[in-house]
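The numbers here are math on the coordinates, done by the rules we state, and not lab data. Everything numeric here is computed off the predicted structure, so don't read it as measured data. Cβ coordinates were reconstructed from backbone atoms using ideal geometry, including for glycine residues, and neighbour counts include every protein chain displayed.
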Amino acid sequence: MAQEDASLRAEKIEILSKLSQGKAGAMQGKVLEGRVSGIKEFGIFVSLPERRSGLVHLNRMPIDLKSTFQTKFKVGDAIKVCIDKETEKGLALKIVEVKG
């Protein structure tokens, strides 16, 4: 009986894992408007709708912004981003359009 319960739990975990991966995949490629919420030497943090947030990492920035992003952006600036992927740390973003 205990072995059967463990087997059912393992199956439920696998199903839930697949469902959550599907939801993450559904977010990939979605374009959203957000606001710059923080700027660090490694990238830009962006606040998104529905209390979500993500990071545009330096490696995911257009070449022309890699050396200037720390002076070009300010906290509160509007920015349009694309969700590149969802990781265990959060959303990885790419810049689509800089507003203003």
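General observations
- Pairs of Lys residues in the stretch 31-98, spaced 8 or more positions apart or belonging to different chains, with C-alpha separations under 14 angstrom: 6 in total.
- Stretching the chain fully between residue 40 and residue 74 yields a gain of 11.1 nm (0.36 nm per residue, less the alpha carbon separation).
- Model label points for residue 31 and residue 59, set 7 angstrom from Cα along the Cα-to-Cβ axis, are 2.6 nm apart.
- Both numbers refer to the Cα atoms of the stretch 31-98; Rg and Dmax are 10.6, 31 Å.
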